[in-house]
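Taking it in order: structure first as structure tokens, then the write-up.
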Amino acid sequence: MYKTILVPLDGSPRAETILSHAASLAAKYQAKLVLLQVVEPIVAMVTPYDMVPYVDKDAAERSMEEAKSYLAAKEGELRGQGIEAKSVVESGPVVSVILDVAEREKADLVAMASHGRTGLSRVFYGSVAAGILHKADRPLLLIRAQD
């Protein structure tokens, strides 16, 4: 049923709650897990009078390296369980990148945890899960992470 399952992670324990579900599906269907972390560019203003945002390239490179290291560790854990896994680190707008990687990797399923925000916190912080839910053209396994 599933050959490739995309698992977006953000490095938080809440996001990692999807891993046991995805690993179980991967084991059952002999599917490959593609672990994805999207690093958003770090934009700063040098002074209050600057009209052009400044992207800190050194901080961005550090974030990319940290993400690669984090995913490599998760990949190793999954391989230790006999599950085929691959890590991908991308930069850009989170929802768009997740959808692009799902397409590129030919993912049959996107599996992710939602932080479960509702009300004003969802309005202020947005929701990656909601963005994926509204724009995905493939099945989505979404679990609500508990605190």
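The values are calculated or read from the model by the stated rules, or taken from the named source; none is laboratory data. Computed from a predicted model, the values in this text were never measured in an experiment. Every residue, glycine among them, receives a Cβ derived from its backbone with ideal geometry; neighbour counts consider all protein chains shown. Each accessible area value is taken on the protein alone, full model and side chains, heavy atoms only, with ligands, DNA and RNA left out. Shrake-Rupley method; radii C 1.70, N 1.55, O 1.52, S 1.80 Å.
Legend: calculated FRET efficiency, Met1 to His134, from the Cβ-Cβ distance at R0 = 25 Å, rounded to 0.05, equals 0.55. Bridging of Lys28 to lysines at a Cα separation below 20 Å is possible for Lys3, Lys74, Lys86, Lys106, once same-chain residues fewer than 8 apart are set aside. Under the simplified labelling scheme, the Lys68-Leu142 pair shows an inter-label distance of 3.3 nm, with each label point 7 Å from Cα along Cα→Cβ.
Solvent-accessible surface (1.4 Å probe) assigned to Arg138 amounts to roughly 50 Å².
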